[in-house]
Amino acid sequence: MDKRKIIIDCDPGHDDAVAIMMAASAPNLELIGITVEAGNQTLEKTGRNALNMVQYLNLDIPVALGANHPLKREPQTCAEIHGESGLDGFTFPPLKISFDKRDAVTLLKDLLLANDKVTLVPTGPLTNIALLLQKHPEVKSHIEEIVLMGGSIGYGNVSPAAEFNILCDPEAAEVVFESGLTVKMMGLDVTRRVLLYPEILERMNKIGNKVSDLFYALMKTFNANQKKIFGHEGAPLHDPATIVYLINPNVITLKKMNVEIDVSGGPSYGRTNCDQFDYLHRPHNAYVAIDIDVDEYWNVIEKGLKAFSN
Ligand code: BDR
Ligand code: CA
């Protein structure tokens, strides 16, 4: 079987880390690179976390640093959920690998031009991808599609209206959603339904390999922090929704519609206005996740963790 080539563009981040685990073990995907931006923590920290993941999983792929601030607005982080390091809860072995010499945009461009088609999987703010499209529009024909975590049809998680990844850089999100590329949006409407209840965590812990041990340690901290801030009994495991969809598209139901990013700077700044009922008759520029098979989601995650040996 021909594996689908993917690049994860991320800000690890607990759930970003799980997306990387899932991509690394997916039988139908080939993870060919990781690019990083500031988001859940500063670029220095998200970059180190990405390298730690790549080393821990024994992956032989380039990791490049990208944007340390959004296109226009001031940067913000999410230390209350992801901790001081951005990936609190596990002590990784000392780092022996280093970043690719290229910046994220150059690495993305090179990998895209070297391959016929690549799927981009952003799980953080969309700054790197927007910069790529602005600086190197010639890569567009090499992008199979963009399967991202971000946005919400309903309410937000960092303002009443906006989801974190989009609110971190709404202007970048607008570039991506208006790019004419195939954009698939896994938003809070589905990711808030896959909650890491303690029994799910224990089920994953039973797997007992090196990667499930990492998953367990990280997710315990993620759960505790989510409970403190949002009162969730189980944390929503957002970012792996992208990879789970690419492994088994039947898990997530999409609907094509117009999505407009609010870049007004007002109270709904960063909102993804999803015209689910086509009130406005505008071009349908995105496929938006509207439903998720929760049991099957955990089955895919479990299978992904089991695929690692000790
Ligand atoms: C998104 O925000 C980040 O904190 C998570 O990593 C995820 O990408 C959820 O809103
Ligand atoms: Ca993320």
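The values are calculated or read from the model by the stated rules, or taken from the named source; none is laboratory data. Just so it is clear, the structure is predicted and the values come from calculations on it, not from any experiment. Quick reminder, even Gly has a Cβ in these numbers, built from the backbone with ideal geometry, and neighbours come from all protein chains shown. Calculation scope for accessible area: heavy atoms of the full protein, side chains included, ligands and nucleic acids excluded. Shrake-Rupley method; radii C 1.70, N 1.55, O 1.52, S 1.80 Å.
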Residue-averaged [θ]222 nm for the chain, counting only DSSP H segments that reach four residues, each worth -39500 (n - 2.57): -11000 deg cm²/dmol
Given segment 176-310, what percent of its DSSP beta bridges are antiparallel, to the nearest 5? 85
Between TYR279 and ALA224, take the C-beta separation as r, use R0 = 45 Å, and let me know the FRET efficiency to the nearest 0.05. 0.65
Restricting to the chain, compute how many DSSP beta bridges are antiparallel as a %, nearest 5. 35
Quick check for you: with a 1.4 Å probe and neighbouring chains kept, what is the accessible area per residue of the chain, in Å²? 40
List the chymotrypsin sites (Phe, Trp or Tyr not before Pro) within segment 210-300 that DSSP assigns to loop and that have no more than 16 neighbouring Cβ atoms inside 10 Å. PHE277, TYR279
Cβ under 15 Å from VAL175's Cβ, VAL175 left aside: what net charge do those residues give with Lys, Arg +1 and Asp, Glu -1? -4
With a cap of 16 neighbouring Cβ atoms within 10 Å, and only residues DSSP puts in a loop, list the trypsin sites (Lys or Arg not before Pro) found in segment 172-267. ARG193, LYS206
In segment 228-278, what percent of the accessible surface is made up of carbon and sulfur (1.4 Å probe, ligands and nucleic acids excluded)? 48
Positive-end extreme of charge dipole, the chain - chosen from SER98, TRP298, ASN273 (charges on Cβ): SER98
Within the accessible area of segment 9-168 (1.4 Å probe), percent carbon and sulfur: 51
Karplus 3J(HN,Hα) series, Hz, for segment 161-176 with 6.51 cos²θ - 1.76 cosθ + 1.60 (x for Gly, Pro): 9, 10, 8, 3, 4, 6, 5, 4, 8, x, 5, 5, 4, 4, 4, 5
What is the spin-label model distance, in nm, from LYS210 to ASP116 if the labels are put 7 Å beyond Cα along the C-beta direction? 3.5
With DSSP loop assignment and no more than 14 other C-beta atoms within 10 Å, the trypsin sites (Lys or Arg not before Pro) in segment 1-40 are LYS3
Over all directions, how big on average is the projection of the convex hull of the alpha-carbon atoms in the chain, in square nanometres? 14.6
